[in-house]
Amino acid sequence: MDSADPARAFVKDVKRIIIKVGTAVVTRGDGRLALGRMGSLCEQIRELTTQGFEVILVTSGAVGVGRQRLRYRKLINSSFADLQKPQGDLDGKACAAVGQNGLMALYDTLFSQLDVTSAQLMVTDNDFRDPDFRRQLNETVNSLLCLKVVPIFNENDAISTRKAPYELSLQDSSGIFWDNDSLAALLALELKADLLVLLSDVDGLYTGPPSDPQSELIHTYVKEKHEGLITFGDKSRVGRGGMTAKVKAAVYAAYAGIPVVITSGFANNNIIKALDGERVGTLFHREAIKWASTGDIDAREMAVSARECARRLQALSSQERSKILLDVADALEANEEEILAENEADVAAAQQAGYEKALISRLALKPGKISSLANSVRVLANMDEPIGRILKRTELADGIILEKTSSPLGVLLIIFESRPDALVQIASLAVRSGNGLLLKGGKEAKRSNAILHKVITSAVPPSVGEKLIGLVTSREEIPELLKLDDVIDLVIPRGSNKLVSQIKAATKIPVLGHADGICHIFIDKSADLDMAKRIVSDAKTDYPAACNAMETLLVHKDLVQTGGLNDLILELQEKGEASLVNSLYN
């Protein structure tokens, strides 16, 4: 499925990008360098430079690498008696001095294999106090980027004058930056970057500790909404500040005008995906509050609201639910003019975009369609009660009878094609059967679906709640909805086998799929030909753009001799189906 996020459309204008990679990403659990992840990082940087991006890398890992090396050196130089003594921690500055050499040697080797030249730049916070240093820094970096060289920054921990460079809680309040996350944010401002990507060992910022199953990934951070509501877990196993430091650095850069994405450095091609505008990680942007309109609710809220409303709907009598459907039918007819106007806008947009005629035909609501839909809803309202019907009774023992009764499923997520009339049909069935509903229609029918959803939900009484039927407006919400197996009871994807397979692979929720449809009609020699002609004509000509329109007509061979086939052909010719007639003759 398409995963482009409209909120990240700004990436098309990105030219200069700063990538910060943390110690937890460049090292393994045993402290050694993670060659696979570093190789993947270098390959992504090489691809970006080939595409014309200016890439600056800020890397951690020197202290971790140095600590591992010095522990080994200390071990082989220790006597047995020395090993019996308590082992103190190694000096962090010495670790940084030893580790930086090995870290840069590996970067140089990896980039050389990709025909990319890299350069090492070591800085301390005191350097940035000097205006001349800042000016020279810009000149040097610009010169390197013009030569297609990748600058690699790291804090020079070995000579840093801060008393506790590895403890965020003890940082010098006068320090300009306190770790490589804040260094990356500072460089993004100094070097006028267009995007800052902070790579972590988790997928992004969560509402709670990532290990907590109830924690949810925040795709777009809104300071006014999320500040103070997030529970941070432990800091990185090897870094300085963990996610807390990343969020502080990201907020600092974002509200200074540099968009930031925090994403996983463990997943393949996440940097490329971020620059393609895909919804990976967590985006920090100073305009985020404008995107989060007061009417928006997240996936879980939408599903939970639908469930709560469905329970109130199920408590109503059959007559009360029928009354809701009758009100829906009246509302459709009362708002026909507005519905058709929005539909015409969708059709015009589809025509301008060059969509196929079949899709446009499915999209269009023809004259009389709204009245037809309203009448169909009224017929449904007058049908027998579907809830509580006894389907089967079994006597298990004397006086013990087991009954199988029909009941609502709960909350349904239905993904359907660009056919606005389908929304009305699905919503009406959900109301009659007492189910909550989440709908995702085709993007081509966006305006039609929105107005139909508004009209239908306005007819739902306050005692039930208009959130009984939720409208999903973007594909990016689908992956989040598919995770809600504790709230959504069934997914029904109407579309290709590929779509059904993708949905089944992405969720633990039961999926009602389907196989390829075969829209054939067979007319036997004993069939009533008058009825057969009406069925064939209706199946092919009434709504030919529908997915269940007749594709193939099969007739018994005896009808050729009796003239029945000729009668069918004449009927189709009168309806203008010359192409079908030709295929029949052939």
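A short reminder: the numbers here are calculations on the coordinates, not readings from a lab. Given the structure is predicted, the values throughout are model-derived calculations rather than measurements. Counting neighbours? That spans all protein chains shown, and the Cβs are built from the backbone with ideal geometry, glycine included.
Per residue, the average separation of C-alpha pairs within less than 8 Å and at least 6 apart gives the chain a relative contact order of 11 percent. Remark: region 140-156, residue by residue, has Karplus-estimated 3J(HN,Hα) of 5, 5, 4, 5, 5, 5, 5, 8, 6, 9, 8, x, 10, 9, 7, 6, 7 Hz, where x stands for each Gly or Pro and the curve is 6.51 cos²θ - 1.76 cosθ + 1.60 at θ = phi - 60°.
May I ask for the net charge around Arg134, where only other residues with Cβ less than 11 Å from the Cβ of Arg134 are counted and Lys, Arg are +1 while Asp, Glu are -1? Net charge around Arg134: -3.
The eigenvalues of the Cα gyration tensor, multiplied by 5 and square-rooted, give the chain an equivalent ellipsoid with semi-axes of 61, 29, 24 Å from largest to smallest. Cβ crowding within 10 Å, taken as a proxy for footprinting-reagent exposure, orders Arg312, Arg321 from fewest neighbours to most as Arg312, Arg321. Normalising the Debye intensity of region 299-505 to I(0), with uniform scatterers on Cα atoms only, and taking log10 at q = 0.10 Å⁻¹ returns -0.46. Here the calculated FRET efficiency for Gln351 and Ala94, from their Cβ-Cβ distance with R0 = 56 Å, stands at 0.20, rounded to the nearest 0.05.
Counting only the backbone N, which residues of region 179-217 are under 12 Å from the spot 7 Å out from the Cα of Asn142 toward its beta-carbon? Under 12 Å, as judged by backbone N against the label point of Asn142, lie 191-192 of region 179-217. Taking Lys and Arg as +1 and Asp and Glu as -1, the other residues whose beta-carbon sits under 15 Å from that of Gln120 total -4. With a cut-off of at most 15 other beta carbons within 10 Å, and DSSP calling the residue loop, which GluC sites (Glu not before Pro) in region 316-415 qualify? Please list them. Taking region 316-415 and a limit of 15 other Cβ atoms within 10 Å, the loop GluC sites (Glu not before Pro) found are Glu356. Can you give the Rg to Rh ratio for region 346-409, taking only C-alpha atoms and Rh from Kirkwood? Result for region 346-409 is an Rg/Rh of 1.39.
Beta bridges assigned by DSSP with both partners in the chain are antiparallel in approximately 20 percent of cases.
Subtracting the Cα-Cα distance of Gln502 and Lys366 from 0.36 nm times their residue separation leaves 45.7 nm of extension gain. Modelled spin-label separation between Glu287 and Asp115, with each label point placed 7 Å from Cα along the Cα-to-Cβ direction: 3.8 nm. Taking the fewest neighbouring Cβ atoms within 10 Å as the starting point, the ordered list for Ile370, Ile521 is Ile521, Ile370.
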